[in-house]
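Student: Here's a structure for you.
The values are calculated or read from the model by the stated rules, or taken from the named source; none is laboratory data. All figures in this text were calculated on a predicted structure; none of them were measured in a lab. Cβ atoms come from the backbone with ideal geometry, glycine included; neighbour counts cover every protein chain shown.
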Amino acid sequence: MVEHLFSGSGVCVVDGAGGLLLPAFVRETISRRSAAQRLFIGSHETDPCLVAYDAGFVSSIHADVERRRIAELATSPQLHFVRARRAFGFVESADVDAGRIVLPELMRRRAHVAQLALLVGTGGAFEIWDARIALDHGDADLHELAAFYIDRQQAA
């Protein structure tokens, strides 16, 4: 069980190299969860965004992949390999340095993260969206978050 959860949201300006300053809710949770200041960043299973988590959450992801493999074994055994590749093959690490990370180029490209990233806590992990994609393609709540932060950023 994960003791400290990623709860909250925020927006970050992404520089040309993919660097961004993580919002306080992410920095505080990382410091509580792990002495190793490193995140794992991968493709979200269904949405056009990234998912990020610390090393302690990897075992939770593995347990979920395995649980789903067993449940789908008789009906769709091939789904396991697709899910496992996404969960473990399309993942890169990023060091957290003074609250900053550089999004790996492949991950940034997969999620089309450009100039403004919307970070949304999801408990054991957090999502990293391009704010415009969240505005245009997210569900109603995500759209509202993106609109709020984009309006705030433009007013600043």
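Student: With farther than 18 Å from Leu39 by Cβ, small (Gly, Ala, Ser) and under 15 Å from the mean Cα position of the chain (by Cα) as the only criterion, which of Ala125, Ala134 stands out?
Tutor: It is Ala134.
Student: Separate question: Return the residues of the range 1-52 that are touching a His at 6+ places or on another chain (Cβ under 8 Å) and of a type outside the set (D, E, K, R); say none if nothing qualifies.
Tutor: Listed by number, the residues that qualify are Thr29, Pro48, Leu50, Val51.
Student: Taking the residues in the range 41-75 that are in a loop (DSSP other than H, G, I, E, B) and within 16 Å of the chain's Cα centre (by Cα) as candidates, determine which candidate is surrounded by the most Cβ atoms within 10 Å (Cβ to Cβ).
Tutor: Filtering the range 41-75 for residues in a loop (DSSP other than H, G, I, E, B) gives 44-49, 54, 73-75.
Right, trim to within 16 Å of the chain's Cα centre (by Cα) and you get 44-49, 54.
Working: His44: 17, Glu45: 11, Thr46: 7, Asp47: 17, Pro48: 16, Cys49: 25, Asp54: 21.
Ranking the qualifying residues of the range 41-75, first place goes to Cys49.
Student: Which of the residues that make up the range 122-154 are β-branched (Val, Ile, Thr) and closer than 19 Å to Gly42 by Cβ? Please lay out each step first, then the result.
Tutor: Let us first name the residues in the range 122-154 that are β-branched (Val, Ile, Thr), namely 122, 128, 133, 150.
Scanning the range 122-154 gives Thr122, Ile128, Ile133.
Student: Scanning for something among the acidic types (Asp, Glu), surrounded by 13 or more Cβ atoms within 10 Å (Cβ to Cβ) and either closer than 17 Å to Trp129 by Cα or in contact with a helix residue (DSSP H, G or I) (Cβ under 8 Å, 6 or more places away or on another chain) (or both), does the range 27-40 turn up at least one residue?
Tutor: So far as the range 27-40 goes, no, none of its residues is among the acidic types (Asp, Glu), surrounded by 13 or more Cβ atoms within 10 Å (Cβ to Cβ) and either closer than 17 Å to Trp129 by Cα or in contact with a helix residue (DSSP H, G or I) (Cβ under 8 Å, 6 or more places away or on another chain) (or both).
Student: Could you check the range 99-156 and list, in sequence order, the residues that are among the β-branched types (Val, Ile, Thr) and in a strand (DSSP E or B)?
Tutor: Correct list: Ile101, Val102, Val120, Ile128.
Student: Does Arg85 fit the bill of being basic (Lys, Arg), free of Cβ contacts under 8 Å to residues at least 40 places away in the same chain and surrounded by fewer than 13 Cβ atoms within 10 Å (Cβ to Cβ)?
Tutor: When the stated conditions are applied, Arg85 passes them.
Student: Quick one: which of Leu119, Leu142 is modelled with pLDDT of 95 or more, more than 17 Å from Val13 (Cβ to Cβ) and either crowded, with 19+ Cβ neighbours inside 10 Å or in contact with a Cys (Cβ under 6 Å, 6 or more places away or on another chain) (or both)?
Tutor: Leu142
Student: Of all residues in the range 101-153, how many are charged (D, E, K, R) and without any contact (Cβ under 8 Å) to a residue 40 or more places away in the chain?
Tutor: Within the range 101-153, residues that are charged (D, E, K, R) and without any contact (Cβ under 8 Å) to a residue 40 or more places away in the chain number 7.
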